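Accompanying notes for the structure given below.
The values are calculated or read from the model by the stated rules, or taken from the named source; none is laboratory data. Since the model is a prediction, treat every value here as computed from it, not as a measurement. Positions of Cβ are generated from backbone atoms using ideal geometry, with glycine treated the same way; all protein chains shown enter the neighbour counts.
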């Protein structure tokens, strides 16, 4: 797949999306034509990433509108994953155009186009910021997956990394593997490879030590929700990287579109953090690795307090908590 191919789109009256659960081994495209199919794809992470969820949710409402969308359809889409604000925001924005199917689809396509434009603007602004903070050839660490898979095209944090590479101003990339589902090891490496960017994978727990050892100049991540006080909600493991960056005295930069900024949520403590199936921790790919009788705790996200954040880059501004 080429880097500029839309990973979520509206094609011939249905949603076309790459199944992220099968990458990197298999590149399979889904055609989703019902609300239930969209909800299933979101819940099982075939479609994931805050901006992409907003697009998919809005397009799900467009599917429902063709057969007479109910409030139940809207609620199912909105609550498919509760932590990322983009999903509920995209669903509700599209639902405001009901019952006119053409109007709903126009809103969904507008959200798609806005996210694509945001990725391009964030990439430039973020690359400018990182080089101003770190010099002309920063070595960066990133967590989870923040490329075109999560934003239709381009990316948030990974978009900045790609822009640094295009400018010849990237000293290296460490992708943390991102347990328990390995979005960094599976998806970020897949995208970096297609962009021609050299990279290394590290286990999540190695990140702070690599920073302390002087092998990382900046941490760049995305976000699923940015609260009014600028607390950052992102994939679990982000908080540990923020603590490591603070201890090492290096920048911790968050890149996310304005659609992820949620001024109606006062702080991270107010966010409902999704807890996922314990089996995701106790095993992988259907094979159990923990001993019989072991339980698990599996928060999908964590909260990085705003005082640990150097800057938040959106498509239109740089916020410095």
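Quick test for you: out of 288, 213, pick the one residue that is without any contact (Cβ under 8 Å) to a residue 12 or more places away in the chain, out of contact with any strand residue (DSSP E or B) (no Cβ under 6 Å at 6 or more places or on another chain) and within 23 Å of residue 137 (Cα to Cα).
The conditions single out 213.
For the stretch 263-296, enumerate the residues that are outside any loop (DSSP other than H, G, I, E, B) and farther than 19 Å from residue 144 by Cβ.
The first filter runs over the stretch 263-296 and keeps only residues outside any loop (DSSP other than H, G, I, E, B), leaving 268-270, 275, 279-284, 287-288.
Those that are outside any loop (DSSP other than H, G, I, E, B) and farther than 19 Å from residue 144 by Cβ: 269, 270, 279, 282, 283, 287, 288.
Criterion first (under 21 Å from residue 254 (Cβ atoms) and surrounded by 23 or more Cβ atoms within 10 Å (Cβ to Cβ)) does residue 172 satisfy it?
No.
I need the full set of residues from the stretch 272-321 which are on the phi > 0 side of the Ramachandran plot and at pLDDT below 95, in order please. Let's see the steps before the verdict.
From the stretch 272-321, those on the phi > 0 side of the Ramachandran plot are 285-286, 293; that's our starting set.
Hits for the stretch 272-321 are 285, 286.
Kindly check whether there is at least one residue in the stretch 305-313 that is assigned by TED's automatic domain parsing to the domain that holds residue 181, exposed (fewer than 15 other Cβ atoms within 10 Å of the Cβ) and within 17 Å of residue 157 (Cα to Cα).
no
Picking from 150, 144, which residue would you name as being in contact (Cβ under 8 Å) with a residue 60 or more places away in the chain, under 22 Å from residue 85 (Cα atoms) and either in contact with a strand residue (DSSP E or B) (Cβ under 7 Å, 6 or more places away or on another chain) or in a loop (DSSP other than H, G, I, E, B) (or both)?
144
So that you can scan it fast, the table gives a plain yes or no per residue for (1) in the same structural domain as residue 157 (by TED's automatic domain parsing); (2) closer than 17 Å to residue 300 by Cβ; (3) touching a strand residue (DSSP E or B) at 6+ places or on another chain (Cβ under 7 Å):
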| residue | (1), (2), (3) |
| --- | --- |
| 41 | no, yes, yes |
| 58 | no, no, no |
| 68 | no, no, no |
| 76 | no, no, no |
| 86 | no, yes, no |
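Can you tell me which residues in the stretch 1-45 are surrounded by 21 or more Cβ atoms within 10 Å (Cβ to Cβ) and assigned to a loop (DSSP other than H, G, I, E, B)?
Those that are surrounded by 21 or more Cβ atoms within 10 Å (Cβ to Cβ) and assigned to a loop (DSSP other than H, G, I, E, B): 7, 20.
So which strands (runs of 3 or more DSSP E) stay within the stretch 180-244 end to end and still have 1 or more residues that are over 13 Å from the mean Cα position of the chain (by Cα)? Reasoning before the result, please.
Values: elements: 200-202, 218-221, 225-227, 232-235.
Of the strands (runs of 3 or more DSSP E) lying wholly inside the stretch 180-244, those with at least 1 residues that are over 13 Å from the mean Cα position of the chain (by Cα) span 200-202, 218-221, 225-227.
Looking at the structure I just gave you, is residue 80 outside any helix (DSSP H, G or I), crowded, with 20+ Cβ neighbours inside 10 Å, within 22 Å of the chain's Cα centre (by Cα) and not assigned by TED's automatic domain parsing to the domain that holds residue 176?
For residue 80, the condition - outside any helix (DSSP H, G or I), crowded, with 20+ Cβ neighbours inside 10 Å, within 22 Å of the chain's Cα centre (by Cα) and not assigned by TED's automatic domain parsing to the domain that holds residue 176 - is met.
Just checking, does the stretch 298-309 include any residue being farther than 19 Å from residue 242 by Cα and either assigned to a loop (DSSP other than H, G, I, E, B) or in contact with a helix residue (DSSP H, G or I) (Cβ under 9 Å, 6 or more places away or on another chain) (or both)?
Within the stretch 298-309, one or more residues are farther than 19 Å from residue 242 by Cα and either assigned to a loop (DSSP other than H, G, I, E, B) or in contact with a helix residue (DSSP H, G or I) (Cβ under 9 Å, 6 or more places away or on another chain) (or both).
Give the number of residues within the stretch 153-177 that are in a loop (DSSP other than H, G, I, E, B) and in contact with a strand residue (DSSP E or B) (Cβ under 6 Å, 6 or more places away or on another chain).
3
Is it the case that the stretch 233-251 has a residue that's closer than 17 Å to residue 315 by Cα and crowded, with 19+ Cβ neighbours inside 10 Å?
no
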